[in-house]
Amino acid sequence: AQSVAQPEDQVNVAEGNPLTVKCTYSVSGNPYLFWYVQYPNRGLQFLLKYITGDNLVKGSYGFEAEFNKSQTSFHLKKPSALVSDSALYFCAVRRRGSYKLIFGSGTRLLVRP
Amino acid sequence: EPEVTQTPSHQVTQMGQEVILRCVPISNHLYFYWYRQILGQKVEFLVSFYNNEISEKSEIFDDQFSVERPDGSNFTLKIRSTKLEDSAMYFCASSENRGPGTSGYNEQFFGPGTRLTVL
């Protein structure tokens, strides 16, 4: 079965420290990979995507993600966390030839001052 | 910045009643989607819609569900006879005109969701 795993329900980090939110996937072929963020009472907001090319992709608000094909991972990173980054983060994958996004369960990021 | 909007934000209905959830996608987008998230569970794909046809649907999207683009701006999800297990947050999304078979792919933009409560 095709799936996306976010192994951490919550990640806690101090403001100014680097952060990593982990994502691994089990999807056939060479899927497209995405990160979305959800703030309270808001929809899922696109952060970044990997389609092809450079394994390190940069997105909105200083976030970046590293694609690792051998480990089938797509971890979200930021060099210096802000309190305002506190939110729910979702990894998602789409198989080529399909319209469907397959989501992970989400990771709550808490950045303390 | 253009965004996807959804109405209502919260819908309460009795089991067995029909509900229609409404969405206004981003104006130049041509692909439309519905997802749902049952409390405590993952966001799940329901259906995608392009050129007035369903292009893909999940096993969740059975005969109780239907989608429609009644005019040039709205995209609706109808549940004919709601069940308790239909209680969830329903998200609409849209994307631009490049489909999954093309070399590029446009991300899906999501609305804020409609919380459906079936009593």
Exercise. In region A:1-17, is there at least one residue being in contact with a helix residue (DSSP H, G or I) (Cβ under 7 Å, 6 or more places away or on another chain) and either touching a residue at least 40 places away in the same chain (Cβ under 8 Å) or assigned to a loop (DSSP other than H, G, I, E, B) (or both)?
Worked result: yes
Exercise. Within region B:59-79, how many residues are within 15 Å of B:GLN17 (Cα to Cα) and of a type outside the set (D, E, K, R)?
Worked result: 5
Exercise. Is it true that some residue in region A:34-54 is part of a strand (DSSP E or B), away from chain B (no Cβ under 11 Å) and open to solvent by 20 Å² or more (accessible area, probe 1.4 Å)?
Worked result: no
Seminar exercise, completed: Restricted to region B:38-54 and to residues being over 10 Å from the mean Cα position of the chain (by Cα) and under 19 Å from A:PHE103 (Cβ atoms), the residue surrounded by the fewest Cβ atoms within 10 Å (Cβ to Cβ) is B:GLY40
For this session: Pull up region A:24-33, narrow it to residues that are part of a strand (DSSP E or B) and open to solvent by 40 Å² or more (accessible area, probe 1.4 Å), then point me to the one that is modelled with the lowest pLDDT.
Result: A:SER26
For this session: Answer yes if at least one residue in region A:71-87 is closer than 16 Å to A:LYS22 by Cβ, open to solvent by 70 Å² or more (accessible area, probe 1.4 Å) and out of contact with any strand residue (DSSP E or B) (no Cβ under 8 Å at 6 or more places or on another chain), and no otherwise.
Result: no
Exercise. Identify, please: which residue in region B:57-79 is in contact with a strand residue (DSSP E or B) (Cβ under 8 Å, 6 or more places away or on another chain) and in a loop (DSSP other than H, G, I, E, B) and is, among those, most open to solvent (accessible area, probe 1.4 Å)?
Worked result: B:PRO70
For this session: Among the candidates A:VAL4, A:VAL21, single out the residue that is open to solvent by less than 20 Å² (accessible area, probe 1.4 Å), within 14 Å of another protein chain (Cβ to nearest Cβ) and over 24 Å from B:CYS23 (Cα atoms).
Result: A:VAL4
For this session: Taking only region B:1-56 into account, find how many residues are of a type in the set (Val, Ile, Thr), in a strand (DSSP E or B) and within 14 Å of chain A (Cβ to nearest Cβ).
Result: 6
For this session: Look at region B:26-37 and say how many of its residues are over 13 Å from B:ARG69 (Cα atoms) and within 14 Å of the chain's Cα centre (by Cα).
Result: 4
For this session: Considering each residue of region B:83-97, count those that are within 11 Å of chain A (Cβ to nearest Cβ) and modelled with pLDDT under 95, and give that number.
Result: 1
For this session: Give the residues of region A:72-91 that are in a loop (DSSP other than H, G, I, E, B) and more than 15 Å from A:TYR32 (Cα to Cα), sorted by residue number.
Result: A:PRO79, A:SER80, A:ALA81, A:LEU82, A:SER86
Exercise. Can you pull out the residues in region B:80-98 that are part of a strand (DSSP E or B) and buried (at least 20 other Cβ atoms within 10 Å of the Cβ)?
Worked result: B:ALA88, B:TYR90, B:PHE91, B:CYS92, B:ALA93, B:SER94, B:SER95
Exercise. Is region A:57-68 home to any residue that is in contact with a Cys (Cβ under 9 Å, 6 or more places away or on another chain) and at pLDDT below 95?
Worked result: no
Problem set entry | Pair list, Cβ under 6 Å, 6 or more apart: region A:90-109 residue at the interface with chain B (Cβ under 8 Å from one of its Cβ atoms), other residue open to solvent by 60 Å² or more (accessible area, probe 1.4 Å) and among the basic types (Lys, Arg) | A:PHE103/B:LYS42; A:SER105/B:LYS42
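The values are calculated or read from the model by the stated rules, or taken from the named source; none is laboratory data. Quick caveat, the model's predicted, so the values are computed rather than measured. When we count neighbours, we look across all protein chains shown, and the Cβ atoms used for this are built from the backbone with ideal geometry, even at glycine. Protein only, heavy atoms only, side chains kept; ligands, DNA and RNA dropped before computing areas. Shrake-Rupley method; radii C 1.70, N 1.55, O 1.52, S 1.80 Å.
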